[in-house]
Amino acid sequence: MNMKTPVNNAQDSLKKKKSKDKHFQPETRGSNAIKTCYHCQKVGHIHSECCLKFPGKRHASRTAVREFTPQPRKEIIETKPEKVTVTLEMADDPMQLVDELSMIYTTCLVCYATFSFSKSTKSRIFLGLSLFGLALSITFYYHYIQNPVFHQNSYALLTVIVLLRSIWVMETTLRPSSRNKGQECRPKRQIYEDERDLKILNTMWIMVAYGLVSFLGGFAIWNLDTMFCSRLRGWRREIGLPWGILLEGHGWWHLMTGIGAYIYIVWGIWLRHCLNGRQEEYRLVWPHFYSFPDIVRVSNYDKTNGSSTKLATSCQSRQNGVSENIH
């Protein structure tokens, strides 16, 4: 006795539909998700989330569904925008959250280093606990809504706050016109320090501009890669390896933002040394724009000899009737 299973019934219904509808062509490259959506629609239970409830494979990225989704029928097309919207808002891989939230944690650490300078112990503890609570809040809320736009806005806001704070500290501390207000006559040592700090300030502004161009350039390339993903993918397949790698916009995003972040970290380290009054002890080594800057300690710098020289110069100045220290 032949008993037809539900699968056989579904196949028979598809064959009958094929004979009635000349324009119907079954999708040979379609995933199980598309087939399930079509079957549910025929029995009157279509829902936009069917493509997410019964996926054939777990895709590693949010754009994977957009990449491998074939051209369905008209009824499926009507629900496709909603499906894509839901897919882009999903972070189905927990490791994806870890990869993205690490950007928030790193920025919170830099924020603590920026705002905690010259603060009391109680203020530093309060600042650290506040930033820790902020990081936890962003983590839990992002895990709850799983919307990458929230993560992008949070990271951008924290980065802008840290950048503006660092620029303000740099200008008010190193700019001679800001710290020498009301001083008509300056000692020779002060004149030397003003010229030195002004050169340092100009170099720091070059670093800030270089880092911003690299970071924002990578962000722009990443957005272009998202907008023209299908076209760029086709070009990469036509060009092939190894030159097709040059069209990997997401890879350029990681590379250029990494360079921008490195420039900012070096700038922050140098700024901290300047805030501590150690401009003579540390130097910035940056011979070319295509090289990476680095902060190195001066090899012939000796605090003991420096203090002895200052003391000897001060005594000699007093003997000559000069009160200020000119070293």
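Quick look at the values:
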| quantity | calculated |
| --- | --- |
| Hits in the stretch 257-272 (condition: among the β-branched types (V, I, T) and either modelled with pLDDT of 90 or more or more than 20 Å from Q152 (Cβ to Cβ) (or both)) | I259, I263, I265, V266, I269 |
| Selected residue (criterion: surrounded by the fewest Cβ atoms within 10 Å (Cβ to Cβ)) from residues of the stretch 185-212 that are modelled with pLDDT of 90 or more and of a type in the set (S, T, Y) | T203 |
| Selected residue (criterion: surrounded by the fewest Cβ atoms within 10 Å (Cβ to Cβ)) from residues of the stretch 110-131 that are without any contact (Cβ under 8 Å) to a residue 40 or more places away in the chain and within 19 Å of the chain's Cα centre (by Cα) | Y112 |
| Which listed residue, of F289, F215, is in contact with a Ser or Thr (Cβ under 6 Å, 6 or more places away or on another chain), among the aromatic types (F, W, Y) and either surrounded by 16 or more Cβ atoms within 10 Å (Cβ to Cβ) or closer than 30 Å to T173 by Cα (or both) | F215 |
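The values are calculated or read from the model by the stated rules, or taken from the named source; none is laboratory data. What you are looking at is a predicted structure, and each value in this text was computed from that prediction instead of being measured. Neighbour counts run over all protein chains shown; Cβ positions are idealised from the backbone, glycine included.
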